[in-house]
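Structure first, commentary second.
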2 protein chains.
Amino acid sequence: MATDSSPRRRRAASGPVKSDQPRAPYITRKLGTFNVLGEEGLSLTEHNADQILKETGMDFVGDPEILAIFRAAGCDVKGDRVRFEPGFCRRTITATAPRDYVQHARNPANTVKIGGDGTVLCPSWGPPFVHDLDRGRRYASYEDFKTLVKLHHTIPWLHHSGGVVCEPVDLPANKRHLDMLYAHIRYSDRAFMGAFIGEERAGHAIDMARILFGADFVANNQVLYCVSNTNAPLVLDANMSGALKTYARANQPVACTPWVLTGAMSPTTVAGTLAQVLAEATACLALVQLVRPGAPCLMGSFASTMSMQSGAPTFGTPEAGLMVLAAGQLARRLGLPFHTVGTLSSSKLPDAQSQQEATWGLLMSMFAGANLINHATGWLEGGLVTSFEKTIIDADLCGKVARFFDGIDLSENAQAMAAIAATGPGQHFLGSDHTRANFMSALFRPLTPDNNSFEQWSADGGRDAASRANTLWKKQLEAYEDPGLDPAIDEALHDYIARRKAEKPDMNYF
Amino acid sequence: MATDSSPRRRRAASGPVKSDQPRAPYITRKLGTFNVLGEEGLSLTEHNADQILKETGMDFVGDPEILAIFRAAGCDVKGDRVRFEPGFCRRTITATAPRDYVQHARNPANTVKIGGDGTVLCPSWGPPFVHDLDRGRRYASYEDFKTLVKLHHTIPWLHHSGGVVCEPVDLPANKRHLDMLYAHIRYSDRAFMGAFIGEERAGHAIDMARILFGADFVANNQVLYCVSNTNAPLVLDANMSGALKTYARANQPVACTPWVLTGAMSPTTVAGTLAQVLAEATACLALVQLVRPGAPCLMGSFASTMSMQSGAPTFGTPEAGLMVLAAGQLARRLGLPFHTVGTLSSSKLPDAQSQQEATWGLLMSMFAGANLINHATGWLEGGLVTSFEKTIIDADLCGKVARFFDGIDLSENAQAMAAIAATGPGQHFLGSDHTRANFMSALFRPLTPDNNSFEQWSADGGRDAASRANTLWKKQLEAYEDPGLDPAIDEALHDYIARRKAEKPDMNYF
């Protein structure tokens, strides 16, 4: 069952994470999706998105080239405002965008499929703080960044090394993307993301990918991943459009992902938010296809709610669940892979709140048929914090959804008819040959739960899940095995990074 | 939207739980179910269940009357063992069992529909211990029992007062069912469960229901609820069959619910467990229909997993999710309402583990189209503990699923097209008329989460969710309003209970 047969990974997996729990490079969903809108609701949302794009339009700010591209395509451009004829964006997308593609990892066993029944789980993205039970909440450093990359690499249920797993604020803001990219390449052999902010940094990511994979390979294959967030409502700024067009031109995928909190950045209602999300996403996706017809792209949605009492973002809410499920349906009607988000929480600690919200969020995104789920582990405090303990607790959840979406084995062995007949009424199956032959593979075994008796648990220290996860992430790190890197590539990367850094002074803003 | 318009409840709801969050007497699911088996898997499971019932059969222990009933129906009875011809149980059930029914509460506004698109959420059932952060884990008392009944009554998202919300071990084991039934009748005006163990106690529950509702009403309506658990594999004992036949004869509903932990009480595989669950459930359901054709009954399933390392039951697992979803499909094919379980956890504390498992469990049961979910709040330690804090944290989850399954409002107001046009690119919706008009009703607001900034949260004491829930359940209790009880009924109940208690000495075993 394991599709990754590299001896190195096998050894790593025989440590704290049991080797008999096979790892796949991505989830292949054998179960369907859960749909919350019927044809009427889907058509209505598409109609409303068209109307928003025609009557209100969208602003593309600070990037005249984008405006020229839209003007050349026949769109109505006035100042920064672009208006679209109904159906224009959808036609432009469906004419050339691929339904799925493959993102290559430097270890071919870790290459992932993006689209169809594939789901790729990525770690947290963006937090300027990290949190663990030993040192509490603190600004993230590059040391933390590297530690997280290594920790993620030990987790079989993550499929991707991600991008800004935390923001290493001890490095200059205008150069740290180089160090972050280097850490992913050096300490993990899984697929990774590019830099999302600005044309220049996107170019650096592509350059570094060329050093790693070879320029020819990069020209003809997908090796990076870019998330392009709108400034909702209805704005794409030059930082985002700069990266979008750079990746699209290099034939590297862009996930066009409106990021909204209902009531602040979109209407406070689900139906209104969905229409706005679809409008923003399709305008940006059309842009990708205008920049380079056939460039891979994903419809993205990161729509959550906010507390109108405090103005704070809220996660794991019923409305967020409805929005991600509906957005998944809209993406499938566009014929595109679907990008969304995972175990989000506004909790400050890896506590009960964090897991009620995280479990709700990841399950909803899985039922939505998401093809890539960002922030599948670690996120706390509305994205301000990556928690080491929550990373481990969420990793259990990632493993659970992988096993769940593998569906029900209907083989003769799984039917166990002979075992039922041999055991008979009133007897137990503990000693059954069938049980002994199957229990190691039949049941997924998460790391964090304590299922022991109260007495045993008390004797073991009476610790809560967060405290156990604190022990577990350190054990996981001990099991990290360096995937190595060709010294010539390593040297070329160091040389490239040194030259880029020498070009300009350090700056502590973007 | 609120279907409960009693002034008393309105007042109660204006306390800690906001009155602007409307409460319905039960959930009406506007979304579909999630199916994990196709026709092939469903037919195979039904075929295997038939084969188990024909070749192995089921033991009905200690209740000769049950054996006589099966013999009279033409089944093959040898000793305690009953074997069934393929299709016999299914035919017997579908010939007469109703697809749905109504369970009356003494407050008609709280009467619940069992079946179809209705879902009823019930509190924890059975724990001999209670836990709260102030006093820790301790044996449950009748005082705790009454407190839980009152606490549950303040929770708008619970629809039923339940049964053994905790086991009041300070009362004699052979008489405490009378006190428990009294507490439900006296301190709640929602529907409640009967006593499940033994013919005599079931009879007491029916007697007390007759005092409350009147004998004529009870003869023609459903006012109780019985869960009949098998002793898996393939045994029903006299305690369970005694209650089953007593309720069925009184035309009161029985949820025939195999309780299995895979690997111990059923095969360690999902497919094998499902066939066994279906075999046990249909044999018991056929019994209900043989005892009284047309008596309401539910197909139940309480199937979870166990750790083969420790022998401990495990919850919130992928396999448990697959089993409840498949069991829901099997129940719909039988044409019966579906009974199952909710926020189960083996955690000892209301921590991250407890909510990862609880959220997984309740969501799966909802996606399974469950019509009654027992243990929707409070369960810890594999059912040994009812936690006051987890009750509150789980209650948030109950509210979330109710809102989620209400689906997406597609009204013109919810579409918010005018608000999007009026707000325009780059502006915010915080001050929008649409936001102000809608935010109180558009978003569900749970009680436990802290969504504030880290700084505000720290200033508020830096408490985790469990600690906040500790404050919240006490606040909720302060808002409890006694629904009152007709003094004549109260007196009749006291008199009845006193007479039953005087009939025999106290005993501390069942």
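The values are calculated or read from the model by the stated rules, or taken from the named source; none is laboratory data. Only a predicted model underlies this, so the values are computations on that prediction, with no experimental measurement involved. All Cβ positions, even for glycine, are placed from backbone atoms using ideal geometry, and neighbour counts span all protein chains on display. These area figures cover heavy atoms from the full protein model, side chains too; ligands, DNA and RNA do not enter into them. Shrake-Rupley method; radii C 1.70, N 1.55, O 1.52, S 1.80 Å.
From the backbone phi of region B:203-220, what are the Karplus-calculated ³J(HN,Hα) couplings (6.51 cos²θ - 1.76 cosθ + 1.60, θ = phi - 60°) in whole Hz, Gly and Pro given as x?
So the Karplus estimates, Gly and Pro as x, are x, 4, 4, 5, 4, 5, 5, 5, 4, 6, 9, x, 5, 5, 4, 5, 5, 10 Hz.
If you take the Cα atoms of chain B, find Rg, then find the Kirkwood Rh from the mean of 1/r over all pairs, what is Rg/Rh?
Checking Rg against Rh, the ratio lands at 0.98.
Taking H placed 1.01 Å from N in the peptide plane, check which residues at least 5 places from B:Val341 or on another chain put their amide H under 5 Å from its amide H.
Excluding prolines and chain starts, which carry no amide H, the hits are B:Asn374.
Rounded, prolate or oblate: which fits region B:294-421 when a ≥ b ≥ c are the square roots of the eigenvalues of the alpha-carbon gyration tensor, with rounded for a/c under 1.5 and prolate only if a/b beats b/c?
oblate
In whole angstrom, note down how far apart the Cα centers of region B:257-289 and region A:213-228 are.
Value for the Cα centre distance between the two parts: 52 Å.
Hey, what do the phi angles of region B:480-491 turn into as Karplus ³J(HN,Hα) couplings, whole Hz, using 6.51/-1.76/1.60 and θ = phi - 60°, x for Gly and Pro?
4, 10, 4, x, x, 7, 3, x, 5, 5, 4, 5
If packing is taken as the average number of other Cβ atoms within 10 Å across a peptide's residues, how do A:61-67, A:481-487 rank, most packed first?
Listed from highest to lowest mean packing, they are A:61-67, A:481-487.
Can you give me the long-range amide H partners of B:Asn229? Hydrogens built in the peptide plane at 1.01 Å from N, cutoff under 5 Å, separation of 5 or more residues or another chain.
B:Thr257
Starting from the coordinates of the alpha-carbon atoms of region A:87-171, obtain the Kirkwood hydrodynamic radius over all distinct pairs and give the value in Å to one decimal.
The Cα-based Kirkwood calculation yields 15.3 Å.
Taking the Cα atoms of region B:362-405, report the difference between the largest and smallest coordinate on each principal axis, in whole Å and largest first.
Projected onto its principal axes, the Cα set of region B:362-405 covers 28, 17, 13 Å.
Once Lys and Arg get +1 and Asp and Glu get -1 on their Cβ, which of B:Gln309, B:Gly342, B:Leu244 lies farthest toward the positive end of the dipole of region B:200-355?
B:Leu244
Note the buried accessible area between B and A here, summed over both chains, with a 1.4 Å probe, in Å² to the nearest 100.
Result for this pair: about 9000 Å² buried.
Quick check for me: using +1 on Lys/Arg Cβ and -1 on Asp/Glu Cβ, what's the dipole size of chain A about its Cα centre, in debye to the nearest 20?
With Lys and Arg at +1 and Asp and Glu at -1, about 620 debye.
How far apart, in nanometres, would the label points at B:Ser467 and A:Ser467 be if each is projected 7 angstrom from Cα along the Cα-to-Cβ direction?
So the label points at B:Ser467 and A:Ser467 sit 1.5 nm apart.
So, in Å, what gap is there between the alpha-carbon centers of region B:94-135 and region B:379-432?
What the calculation gives is 23 Å, centre to centre.
No other cysteine beta carbon under 4.7 Å away is the test; run it over chain A and list who passes.
A:Cys75, A:Cys89, A:Cys122, A:Cys166, A:Cys226, A:Cys297, A:Cys398
Compare A:Met265, A:Met323 by solvent-accessible area with a 1.4 Å probe and give them largest first, with all protein chains kept in place.
A:Met265, A:Met323
If amide H atoms are built 1.01 Å from N in the plane of the peptide, which residues on other chains or at least 5 residues away come under 5 Å of the amide H of B:Val223?
B:His104
Kindly give the distances from A:Arg499 to its copy-mates, label point to label point, with each label point 7 Å from Cα along Cα→Cβ, as nm values to one decimal ordered shortest first.
A:Arg499 label point versus its equivalents elsewhere: 9.9 nm.
How big, in percent, is the set of alpha carbon pairs in region A:130-187 lying more than 14 Å apart?
54 percent
Using the beta-carbon distance between A:Glu478 and B:Asp170 and R0 = 35 Å, what value does 1/(1 + (r/R0)^6) give for FRET efficiency, to the nearest 0.05?
It comes out at approximately 0.10.
In sequence order, what are the phi-derived ³J(HN,Hα) couplings for region A:151-168 according to the Karplus relation 6.51 cos²θ - 1.76 cosθ + 1.60 with θ = phi - 60°, rounded to whole Hz, with x for glycine and proline?
Each residue of region A:151-168 in turn: 4, 4, 5, 8, 8, x, 8, 8, 10, 8, 7, x, x, 7, 4, 7, 8, x Hz.
Which residue, chosen from B:Ile52, B:Ile69, B:Gly41, occupies the Cα position most advanced towards the positive end of the dipole of region B:34-84, where the dipole is computed from +1 (Lys, Arg) and -1 (Asp, Glu) charges on Cβ about the Cα centre?
B:Ile69
Using Cα atoms only, what is the angle between the long axis of helix A:176-187 and the major principal axis of chain A, expressed in degrees (0 to 90) to the nearest 10?
The angle comes out at about 40 degrees.
Does region B:403-510 come out rounded, prolate or oblate by the C-alpha gyration tensor, with a ≥ b ≥ c the root eigenvalues, rounded set by a/c under 1.5 and, if not, prolate when a/b is larger than b/c and oblate if not?
Prolate.
For the protein assembly as shown, with only Lys/Arg (+1) and Asp/Glu (-1) charged at the beta-carbon, what is the dipole magnitude about the Cα centre, in debye rounded to 20?
Rounded to the nearest 20 debye, it is 540 debye.
Looking at A:Pro483, A:Ala191, A:Ala327, which one has the Cα that reaches farthest to the positive end of the dipole of the protein assembly as shown (charges on Cβ: Lys, Arg +1; Asp, Glu -1)?
A:Ala327
According to the Kirkwood expression over distinct Cα-Cα pairs, how big is the hydrodynamic radius of region B:163-315, in Å?
It is 16.3 Å.
Quick one: with label points 7 Å out along Cα→Cβ, list the inter-copy distances for A:Gly294 in nm, shortest first?
7.1
Calculate, for A:Asp506 and A:Ala219, the FRET efficiency according to 1/(1 + (r/R0)^6) with r their C-beta to C-beta distance and R0 35 Å; round to the nearest 0.05.
Taking R0 as 35 Å, the efficiency between A:Asp506 and A:Ala219 is 0.60.
With +1 on the Cβ of every Lys and Arg and -1 on the Cβ of every Asp and Glu, and nothing else charged, how large is the dipole of region B:64-213 about its Cα centre, in debye rounded to the nearest 20?
240 debye
Considering the protein assembly as shown, what Rg and Dmax in Å follow from its alpha-carbon atoms?
29.3, 95
Could you compute the FRET efficiency for B:Ser411 and A:Glu85, with r as their C-beta to C-beta distance and R0 at 25 Å, rounded to 0.05?
For R0 = 25 Å, the calculated efficiency reads 0.35.
Would you kindly state how much longer the chain becomes between A:Ser43 and A:Asp486 on full extension, computed as 0.36 nm times their sequence separation minus their alpha carbon distance, in nm to one decimal?
154.3 nm
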